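Report on the following structure.
Laboratory data are not the source of any read-out in this text; all were calculated from the coordinates shown. Quantities reported herein were computed from a predicted structural model and do not represent experimental measurements. Here Cβ is always computed from backbone atoms with ideal geometry, including for glycine, and neighbour counts include all displayed protein chains.
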Amino acid sequence: MNYLFNNKWKKLSGWIFYLSLPLGIYAIISGNFEDIFVIKVFSIFEPPLTNHDTGFVWFKNSFIDESFTFVIIITGIVNSFCKEKIEDELISKIRLESLTLSLFISYGLIILSTLFIYGFEYLYVLEFNLFLIILLFNLIFKYRLYKHYKS
Amino acid sequence: MKNNIRMYRGKFSLTQEDLSKKLGVSRQTINSIENNKYFPSLELGLKLSKIFECTVDELFSLD
């Protein structure tokens with residue numbers, strides 16, 4: 001059984017992923033889009049910036065950063081896990097090795113960040129790490145595929 | 001592990017492209033196998049032995 005997506009989604013998801021990634025990271029880190037796309041959302045924990053010990057409440061929130069998060073994660077996963085035109089066992093091996101390497105690098109960076117970055121900045125590291133493993137996997141896999149097809 | 005795929009391919013007058021089509025893999029995969037960069041699965045090994053009408057032992061051997 002394989003869980004790969006159809007090859008026809010590869011190009012479209014790639015374009016959306018690499019366009020939305022820098023925009024999304026900027027939107028999330030800068031917080032410049034707090035007034036855009038404000039909707040009522042449901043939170044199972046208390047809304048931020050309140051001291052009430054409440055949960056399971058509706059409150060107004062800019063949904064732009066959440067939207068970017070959905071788009072980046074979904075398109076990143078689809079693009080990374082699309083079938084190649086000829087999907088054979090060597091491609092599967094390259095995919096697995098790329099995923100393993102990206103996981104090691106990503107968690108290595110988290111360990112280093114935990115050791116050397118403290119305070120509020122550490123939150124940025126965690127936010128960036130939401131996408132780092134997908135990005136690394138995508139880049140490593142694409143590079144190794146490029147080398148494979150060149151051989 | 002080493003293999004005699006290139007030799008058998010020559011014997012059957014098949015190009016890497018022809019063989020890749022018969023096996024349903026890419027031409028680059030055949031190239032990687034021939035150059036010992038990739039060791040194929042048992043399934044692929046059996047398919048190769050069927051195409052070349054020989055045993056797996058005759059195709060692959062340990063160094």
query: Can you pull the Kirkwood radius for the range B:2-52, inverse mean 1/r over Cα pairs, to one decimal in Å?
result: 10.7
- prompt: Roughly how tilted is helix A:64-80, in degrees to the nearest 10 and between 0 and 90, from the longest Cα axis of chain A?
  reply: 10
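Per-residue ellipticity at 222 nm for the protein assembly as shown, helices alone: DSSP H runs ≥ 4 residues times -39500 (n - 2.57), over residue total, nearest 500 deg cm²/dmol?
Helix contribution divided over all residues of the protein assembly as shown: -20500 deg cm²/dmol.
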Cβ-based net charge around A:Ser113, under 12 Å, with every Lys or Arg adding one and every Asp or Glu removing one: -2
- prompt: Cα convex hull of the range A:84-151: mean projected area in nm², to one decimal?
  reply: 5.0
query: How far, in nm, would the chain grow between A:Phe120 and A:Leu103 when pulled straight, counting 0.36 nm per residue and subtracting the alpha carbon separation?
result: 3.7 nm
task: Please identify, among A:Phe137, A:Phe116, A:Phe37, the residue showing maximal mean-square fluctuation in a Gaussian network model of chain A using a 10 angstrom Cα cutoff.
output: A:Phe116
field: Links that overshoot a 25 Å alpha carbon limit, given the list A:Lys93/B:Lys2; A:Lys83/A:Lys147; A:Lys142/B:Lys2; A:Lys11/B:Lys47; A:Lys11/A:Lys40; A:Lys147/B:Lys50
entry: A:Lys142/B:Lys2; A:Lys11/B:Lys47; A:Lys11/A:Lys40; A:Lys147/B:Lys50
field: Summed side-chain charge close to A:Ser80 - residues other than A:Ser80 whose Cβ falls under 13 Å, Lys, Arg +1, Asp, Glu -1
entry: +4
message: Using the Kirkwood radius over C-alpha pairs as Rh, can you work out the diffusion coefficient of the range A:80-121 via Stokes-Einstein at 10 °C, viscosity 1.306 mPa s, in µm² per second?
response: 127
query: Among all the aspartates and glutamates, which ones have a C-alpha under 15 Å from A:Lys8's C-alpha, if same-chain residues fewer than 8 places away are not counted?
result: A:Glu84, A:Glu87
- prompt: Hey, any idea what Rg/Rh is for chain A, computing Rh the Kirkwood way over Cα pairs?
  reply: 1.05
task: Could you work out how far the C-alpha centroid of the range A:126-151 sits from that of chain B, in angstrom?
output: 29
message: Test of understanding: in a Gaussian network model of chain A with alpha carbons linked when under 10 Å, which of A:Ser106, A:Ser43, A:Ser62 would top the mean-square fluctuation ranking?
response: A:Ser43
